[in-house]
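K.L.:
Next up is a structure, given as structure tokens.
The values are calculated or read from the model by the stated rules, or taken from the named source; none is laboratory data. Being a predicted model, the structure only gives us computed values, none of them experimental. FYI the Cβ positions are ideal-geometry reconstructions off the backbone, even for glycines, and counts take in every protein chain you see. These accessible areas exclude ligands, DNA and RNA; they are computed on the full protein's heavy atoms, side chains included. Shrake-Rupley method; radii C 1.70, N 1.55, O 1.52, S 1.80 Å.
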Amino acid sequence: MSSIPEREERAAPAPKRRVKRKQVPGDIAQELVAAFSQSYPFPLDEFQLAAIQQLAEGQSVLVAAPTGTGKTIVAEFAIWLALREGRRVFYTAPLKALSNQKFRDFRARYGDEQVGLMTGDIVENASAPIVVMTTEIYRNVLLELERNDESVALTGLAHSVAETTQRGGKKQLDPQLARVGWIIFDELHFMADPQRGPVWEECIIHSPPHVRFVGLSATVSNANEMIAWMSQIHAPTQLIFHPERAIPLEDYYFFDNQLHLVRDANGQRVAHFPHVGGEAKRRGHYERRRWGRDDKDDDGIPFHEPPLPPDVLTHLRDAGMLPCLYFLPGRKAVEEAARSAAAVRLTTSEEQRAIAEEVYFAIQSLSEEDRALQQVVELSELLPRGLAYHHAGLLPSLKVLVETLFARGALRAVFATDTLALGVNMPARAVVLGSLSKFDGVGMRLLTPNEYNQLTGRAGRRGKDAHGAAVILYSPWEAFEDCFKALTKPLNPVESAFVMRYNSVLNLWRPFAFERLRRIGAASFLEFQRRARRQKRLEGKSAKKTGKKNKGAVPDLAAPAASPATEADQPASVELSGGVEHELLATTTVLRIFGYIGEADDALTLRGRLLRAIFHPAGLILTELMLSGALDSLTSIELGEVVSWFTYDSDKPLWAKDVLSDRLRLARRAARGMAERVRKTEIKQQLPPSPGINDQFMGVALGWAQGFSLAALRQRISLAEGDLLMILNQTIDLLRQLESATRQILDDETLWTAEASGLTWLDRRDLRQRLDKLRAGLGLASRALLRSTVAQSRSLPFKLAGLPAPPVEEAAPEVAEEAAEG
């Protein structure tokens with residue numbers, strides 16, 4: 001392999017200091033694997049045995065395998081091993097729903113005292129040996145520990161070990177983190193997600209070097225590249241790649257009221273359908289309407305009627321291909337399809353009575369007003385028929401009810417949006433794709449091969465089905481052959497979405513140590529990929545000159561190992577691509593413009609200390625609002641309303657009744673003005689703007705705090721009940737985060753000296769009083785929202801795990817008075 005020619009570039013980042021890990025002899029490792037395997041009533045697959053053998057020998061692993069193949073068993077071994085060694089293990093998942101499900105599963109397996117949960121709204125038994133948490137929570141923990149390490153050496157790939165104390169001149173890890181032996185990253189392919197992806201990279205970059213990783217990922221085309229990066233950034237990591245499905249998949253096309261096998265379980269095409277589908281699109285018709293058989297495209301090919309849900313379910317039932325998950329784009333389509341299929345008989349009279357009884361008792365936990373909601377009434381009628389719909393707009397308790405009944409085999413068909421494929425484990429005999437297109441926030445586009453794999457990964461139940469089935473429905477807007485060819489192409493690679501925004505920069509900031517941030521940027525998967533591709537291009541040019549061909553292996557980009565450095569060492573400047581370099585410079589420039597980094601001492605100001613404790617995309621705007629005085633005259637209920645504006649991040653058309661008071665109108669004007677000021681500054685620095693507020697969204701938190709029901713709120717805004725609950729819960733989380741950040745500032749006496757603050761005694765007193773009042777108001781605002789269905793939704797994970805719900809603190813009398821006045 002040719003090397004990169006020497007030139008005036010800066011050096012690639014050096015590998016971090018390795019922590020010597022205890023290597024377990026092979027015979028002992030095999031004994032551990034055998035002991036663990038005996039706890040299962042079935043033999044483990046070869047890829048599972050290969051993975052846990054690596055873990056037993058003390059290695060980190062990345063397991064890339066399709067949905068439903070049993071990747072979780074590898075994670076179970078890491079947990080078993082950690083408990084055996086007296087160590088802790090963190091299990092991270094991208095979604096609260098997944099975290100809650102793992103919390104229930106692990107409690108049932110290991111016992112209540114052994115398992116804890118940390119999500120945005122719940123902290124339960126956080127010091128337990130096994131802690132399930134969202135990946136964002138783990139990232140936040142790491143960054144908070146980073147900020148307390150004021151003397152980290154600039155050696156290695158930006159790896160601070162989160163020391164918090166010194167004993168005998170030797171740095172000590174935080175006791176809770178020091179005991180963690182394993183970090184399990186579920187759904188690691190989420191690294192490609194533009195919103196959530198950077199979180200995974202930050203977690204891997206900043207994890208202490210003594211911990212070992214278990215990465216669980218769907219099959220991706222560049223797993224080798226991910227392994228090379230993880231091995232360079234953290235420690236040697238072994239790849240266990242298993243592309244075979246646990247249950248072979250058959251692909252069908254539902255066309256002309258018949259099921260046609262297109263590709264068999266061996267992956268062989270058995271039928272083709274040229275010139276079928278897409279007729280309306282070829283003709284230039286883009287409106288979605290039903291077509292008659294007399295309609296033809298420009299080539300004289302007749303249109304066919306799109307299949308209806310009752311016909312599809314009838315054929316699947318007769319073919320023995322139920323239960324099924326029936327995916328459609330959009331909540332309205334999902335609900336209408338479920339209603340239309342109600343006439344299909346899918347359950348016996350006895351099954352209907354049993355389901356109806358269970359549904360009756362389940363909805364008794366809802367308030368009388370909530371039991372009258374349309375979705376509750378509708379699902380109460382559909383569920384006994386073996387039908388349901390599932391989307392983000394459902395009440396959390398209804399989602400759980402649908403998931404529980406389906407997992408138990410009581411339901412025959414669940415109509416769902418594609419968000420279900422990213423959530424809880426719900427395998428089915430068949431998966432129906434009512435559309436091959438999805439809305440990506442900009443427009444409709446065809447599913448990617450990865451998304452098709454994700455959806456169809458639910459098809460086939462291990463131990464029950466010989467084959468799973470993916471059923472594509474005929475559509476006059478989608479040409480079958482073109483679409484099927486695109487969907488079954490090789491999987492797309494994981495492309496890094498790494499960014500470093502204000503909160504990360506402030507938590508990692510050290511005065512006059514910008515190089516430290518550059519080294520963190522250089523440690524990202526984004527930079528790794530860019531270096532790899534540049535090196536590959538250079539090797540390609542070199543091969544052309546010499547007549548040799550590059551075999552395409554992932555380049556080994558690790559720099560030569562460096563000798564252990566001391567804090568006095570001056571590490572070489574690292575090489576950064578223009579994009580990351582500019583982003584870091586622009587981000588710090590904006591922070592300096594707004595006064596978050598001091599001009600003279602280069603240290604964080606009070607503003608900077610406040611913002612670094614706020615983990616929200618609009619944190620800069622919120623911090624400016626809090627310190628500007630724009631919120632000072634608001635009541636606690638009004639504070640909750642203002643904060644709620646920053647939790648609604650959709651730009652879809654929305655209707656809302658204007659119910660704002662004069663004080664809130666002024667606050668809204670201030671919020672818009674601050675968002676615009678920040679936006680202009682960011683655009684000038686060529687940064688993506690921070691999210692502002694939606695002009696149509698208002699009144700949700702205000703109405704709920706004033707005692708409105710969900711049904712009453714729906715009369716004021718065009719949002720579903722599940723959306724309202726999500727917004728209210730996110731508002732509570734953000735209010736608590738802002739309250740905690742403000743408390744940290746108030747409790748830090750070092751910030752309130754004349755030298756540190758740069759303020760006169762009178763100005764310091766006034767600011768401190770204002771912030772103390774604001775902190776109290778934020779706390780009261782969150783308590784005002786924590787009632788009725790919101791409180792019930794937050795206690796749901798406890799209820800499902802068979803635990804008593806945490807007590808709900810009553811709203812203070814002054815909040816009740818505010819609500820009465822409102």
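K.L.:
If a residue must be surrounded by 14 or more Cβ atoms within 10 Å (Cβ to Cβ) and without any contact (Cβ under 8 Å) to a residue 60 or more places away in the chain, how many such residues does region 690-712 contain?
P.N.:
9
K.L.:
A further question on this structure: Is it the case, given these coordinates, that A64 is of a type outside the set (S, T, Y), within 20 Å of R88 (Cα to Cα) and in contact (Cβ under 8 Å) with a residue 12 or more places away in the chain? Walk me through how you get there before you give the answer.
P.N.:
Details: of a type outside the set (S, T, Y): yes; within 20 Å of R88 (Cα to Cα): no; in contact (Cβ under 8 Å) with a residue 12 or more places away in the chain: yes.
No; evaluated as a whole, the condition is false for this residue.
K.L.:
Spot the failing condition for T681; the list is (1) over 26 Å from R736 (Cβ atoms); (2) touching a helix residue (DSSP H, G or I) at 6+ places or on another chain (Cβ under 8 Å); (3) without any contact (Cβ under 8 Å) to a residue 24 or more places away in the chain, and only one is missed.
P.N.:
The one condition T681 does not meet is (3).
K.L.:
Further question on the same structure: Yes or no: L142 touching a helix residue (DSSP H, G or I) at 6+ places or on another chain (Cβ under 8 Å), closer than 30 Å to G457 by Cα and not aromatic (F, W, Y)? Outline the logic, then answer.
P.N.:
Working: touching a helix residue (DSSP H, G or I) at 6+ places or on another chain (Cβ under 8 Å): yes; closer than 30 Å to G457 by Cα: no; not aromatic (F, W, Y): yes.
Criteria not met by L142.
K.L.:
Inspect all residues belonging to region 485-507 and state whether any of them is of a type in the set (S, T, N, Q) and closer than 30 Å to L44 by Cα. Lay out the reasoning, then the answer.
P.N.:
Step one: list which residues in region 485-507 are of a type in the set (S, T, N, Q), which gives 488, 492, 496, 503-504, 507.
Then drop every residue that is not closer than 30 Å to L44 by Cα, which leaves 488, 492.
Checked region 485-507: at least one residue is of a type in the set (S, T, N, Q) and closer than 30 Å to L44 by Cα.
K.L.:
Mind checking which helices (runs of 4 or more DSSP H) fall wholly inside region 717-796 and carry at least 1 residues that are more than 17 Å from L627 (Cα to Cα), touching a residue at least 40 places away in the same chain (Cβ under 8 Å) and among the β-branched types (V, I, T)? Please lay out each step first, then the result.
P.N.:
Values: elements: 721-747, 754-757, 761-785.
Filter on region 717-796 gives 721-747.
K.L.:
Counting only residues that are at pLDDT 95 or above, give me the helices (runs of 4 or more DSSP H) lying completely in region 265-351 with at least 2 of them. Reasoning before the result, please.
P.N.:
Values: elements: 279-283, 309-318, 331-340.
Filter on region 265-351 gives 309-318, 331-340.
K.L.:
If V574 meets every condition in (1) under 29 Å from V141 (Cα atoms); (2) modelled with pLDDT under 80; (3) open to solvent by 20 Å² or more (accessible area, probe 1.4 Å); (4) of a type in the set (A, V, I, L, M, F, W, C) apart from one, which number is that one?
P.N.:
(3)
K.L.:
Report yes if E682 is open to solvent by less than 30 Å² (accessible area, probe 1.4 Å), under 22 Å from L719 (Cα atoms) and not polar (S, T, N, Q), otherwise no.
P.N.:
Numbers: open to solvent by less than 30 Å² (accessible area, probe 1.4 Å): yes; under 22 Å from L719 (Cα atoms): no; not polar (S, T, N, Q): yes.
So E682 fails the test.
K.L.:
Residues being closer than 19 Å to R245 by Cα and surrounded by fewer than 22 Cβ atoms within 10 Å (Cβ to Cβ): count how many of those fall in region 456-483.
P.N.:
Number of matching residues: 7.
K.L.:
Then there is this: Can you find a residue in region 634-641 that is in contact (Cβ under 8 Å) with a residue 24 or more places away in the chain, under 26 Å from V442 (Cα atoms) and assigned to a helix (DSSP H, G or I)? Let's see the steps before the verdict.
P.N.:
Here is the first cut: in region 634-641, the residues in contact (Cβ under 8 Å) with a residue 24 or more places away in the chain are 634-641.
Still in the running and under 26 Å from V442 (Cα atoms): none.
There is no residue in region 634-641 that is in contact (Cβ under 8 Å) with a residue 24 or more places away in the chain, under 26 Å from V442 (Cα atoms) and assigned to a helix (DSSP H, G or I).
K.L.:
Could you pull out the residue among G608, G707, G629 that is of a type in the set (G, A, S) and within 28 Å of the chain's Cα centre (by Cα)?
P.N.:
Working: G707 fails: within 28 Å of the chain's Cα centre (by Cα); G629 fails: within 28 Å of the chain's Cα centre (by Cα).
Being of a type in the set (G, A, S) and within 28 Å of the chain's Cα centre (by Cα) holds for just one of G608, G707, G629, which is G608.
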